[in-house]
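Worksheet: one structure, shown below.
The values are calculated or read from the model by the stated rules, or taken from the named source; none is laboratory data. None of the values given here were measured: they were computed from a predicted structure. Reconstructed Cβ throughout: ideal geometry from the backbone, glycine too, with neighbour counts over all protein chains shown. Side chains included, ligands, DNA and RNA excluded: accessible areas come from the protein's heavy atoms. Shrake-Rupley method; radii C 1.70, N 1.55, O 1.52, S 1.80 Å.
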Amino acid sequence: MRFHMLHPRDQLVAIMDRIYRNGMTTLSGGNLSIRDDDDSIWITPAGVDKGKLTPKDIICIRPDGTAIGPHRPSSELPFHRAIFTRRPDLRAIVHAHAPALVSFSIARQIPNTSIIPQAQRVCGLVGYAPYAVPASEALGESIANTFADGYNVVLLENHGIATGGLSLLDAYHRLETLDFCARTQLKAMGLGAISSLTETQLLPFDVQYNLLPEFRHESFSSRERELRQEIVEIVHRAVERYLMISTEGVVSARVDADSFLITPTGCDRGSVEIEDLVLIREGRRESGKVPSRSVRLHNAIYRTHPGTNCIITAQSPNATAYAISETRFDTRTIPESYVLLRDIPVIPYGTQFREPERVAAALSPATPVLLIQNDAVMTTGSTILKAFDRLEVAEFSAKALLDTAMIGRHVPIGDEDIADLKKAFNLAEED
Ligand SMILES: [Zn+2]
């Protein structure tokens with residue numbers, strides 16, 4: 001079932017669950033609301049464990065102010081109401097004290113949303129609301145005034161974040177995307193200067209590279225059905241493990257010599273379903289569906305590398321920190337990292353859109369993983385699980401490297417040991 005068809009109670013519980021599981025709220029912090037067609041506001045309750053919220057706990061505030069439900073509404077109802085009054089176009093509000101965003105709010109800085117192409121498109125410009133006492137009318141006024149200036153994402157000084165959207169999912173995507181930018185920026189700051197995308201660099205992202213000619217897809221092989229299920233499971237797993245955010249990240253898998261399946265563009269990764277995936281056959285897309293923007297890139301890789309059966313591009317905060325920094329991602333940490341990742345080249349930003357063949361040529365059995373500058377980590381494999389394993393190992397290795405800086409210096413495995421490792425694991429030589 002499509003998310004927006006769910007009752008507001010169920011939407012609020014599902015999104016609070018995602019926020020809690022992703023470590024963006026504590027059991028007591030954060031609140032969410034949806035404005036209904038009749039101007040009732042459905043809102044999360046005060047004083048209920050956010051980790052165990054059920055639809056029965058949600059409170060409905062009627063337009064006359066009557067509260068219906070077993071608990072008191074969130075103490076932050078005044079600011080939710082103030083935003084809805086000032087911004088009649090918004091239908092949902094999300095508020096949380098996500099730690100990475102709190103760091104920015106107490107340093108009184110706005111996170112950089114130009115580190116990857118999608119973030120600025122999702123979040124827009126980020127507003128800033130001066131501090132006021134929680135639950136006060138003054139706080140409501142400070143936040144609502146900033147939303148009234150046209151911002152859909154507002155950093156609350158010494159407090160956290162509030163986002164609005166045309167739907168709850170929309171507001172959640174803004175929170176999650178900004179939180180990703182904040183987490184990644186915090187990680188990358190330890191490596192040195194950060195590279196940001198200019199407006200000109202963001203332009204190729206808007207070109208519709210994904211509008212391939214269409215074909216009518218009428219017969220589904222068992223292999224294709226099996227792969228649809230496996231791709232959906234791996235996308236959900238990546239989102240749950242914070243290896244992929246709901247607004248970015250692509251998984252594709254080869255069906256046969258001429259065709260592959262790929263995730264669609266603009267779809268919530270956390271709720272993607274098997275029928276959403278797009279079959280690409282001989283450079284054409286299944287009619288009525290729009291594949292990810294990187295479809296031409298995946299097509300070029302499958303054509304060049306017959307042994308590659310899965311490609312994943314993902315934004316995981318630690319690995320992506322290396323994609324927005326000048327510092328090299330040195331995989332000579334532990335044998336497992338080097339064996340699975342090998343040395344990781346960095347592909348200049350823009351190449352993924354304009355010269356997919358060049359990216360395909362950078363891959364080989366000795367180079368199964370790439371970093372795409374200011375975009376993502378790309379892993380490949382002979383199976384979906386092998387590509388996913390590489391993504392997990394890339395994220396863990398990057399995290400270990402970044403944390404090492406707190407205790408000392410990374411001592412890489414030496415050249416001779418690397419040569420022995422290649423022999424022991426029968427690894428392909430550099431080409
Ligand atoms: Zn708060």
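Below, the figures for the structure above:
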{"read-out": "Calculated from backbone phi, Karplus (6.51, -1.76, 1.60) coupling profile of segment 8-25 in Hz, x at Gly/Pro", "value": "x, 4, 6, 4, 4, 5, 5, 6, 4, 4, 5, 5, 5, 5, 7, x, 9, 8"}
{"read-out": "Protein accessible area in segment 234-330, 1.4 Å probe - carbon and sulfur %", "value": "44 percent"}
{"read-out": "Difference of contour (0.36 nm per residue) and Cα-Cα distance, LEU203 to LEU385", "value": "62.2 nm"}
{"read-out": "Helix 384-404 axis, angle to the chain major axis (alpha carbon atoms, nearest 10°)", "value": "70 degrees"}
{"read-out": "Solvent accessible area, Å² - ARG174, 1.4 Å probe, full protein context", "value": "40 Å²"}
{"read-out": "Protection-proxy order for peptides 347-356, 63-72, 44-53, each taking the mean of Cβ atoms within 10 Å per residue, highest first", "value": "347-356, 44-53, 63-72"}
{"read-out": "Rounded Å value of the spacing that divides the Cα centres of segment 31-56 and segment 372-394", "value": "37 Å"}
{"read-out": "Cα long-axis angle, helix 415-424 against the chain (0 to 90 degrees, to the nearest 10)", "value": "80 degrees"}
{"read-out": "Carbon and sulfur %, accessible surface of segment 28-136 computed with the full protein complex present, 1.4 Å", "value": "55 percent"}
{"read-out": "Inter-centroid distance (Cα atoms) of segment 141-162 relative to segment 103-138, Å", "value": "7 Å"}
{"read-out": "Net charge dipole size for the chain [Lys, Arg +1 and Asp, Glu -1 on Cβ; Debye, nearest 20]", "value": "300 debye"}
{"read-out": "Rounded if a/c under 1.5, otherwise prolate or oblate - segment 181-258, Cα gyration tensor axes", "value": "oblate"}
{"read-out": "Gained length - ARG284 relative to ALA138, 0.36 nm times residue gap less alpha-carbon distance", "value": "47.0 nm"}
{"read-out": "Modelled label reach - SER219, point 7 Å along Cα→Cβ, segment 258-280 residues with backbone N closer than 18 Å", "value": "258-260, 279-280"}
{"read-out": "Rounded percent of accessible protein surface that carbon and sulfur make up, segment 335-431, 1.4 Å probe", "value": "57 percent"}
{"read-out": "Per-residue SASA entry for CYS181, accessible area with 1.4 Å probe, Å² rounded to 10", "value": "0 Å²"}
{"read-out": "Pair LEU421, ARG2: separation of 7 Å Cα→Cβ label points (nm)", "value": "4.9 nm"}
{"read-out": "Förster-model FRET efficiency, 35 Å R0, GLU392 and ALA107, C-beta, rounded to 0.05", "value": "0.70"}
{"read-out": "Additional length obtainable on full extension of the chain from ALA428 to ARG62, 0.36 nm per residue less Cα span", "value": "125.1 nm"}
{"read-out": "Per residue, in Å², the accessible surface of the chain once ligands and nucleic acids are set aside, probe 1.4 Å", "value": "43 Å²"}
{"read-out": "Choice from ARG390, ARG293, ARG108 with maximal GNM fluctuation in the chain (Cα, 10 Å cutoff)", "value": "ARG108"}
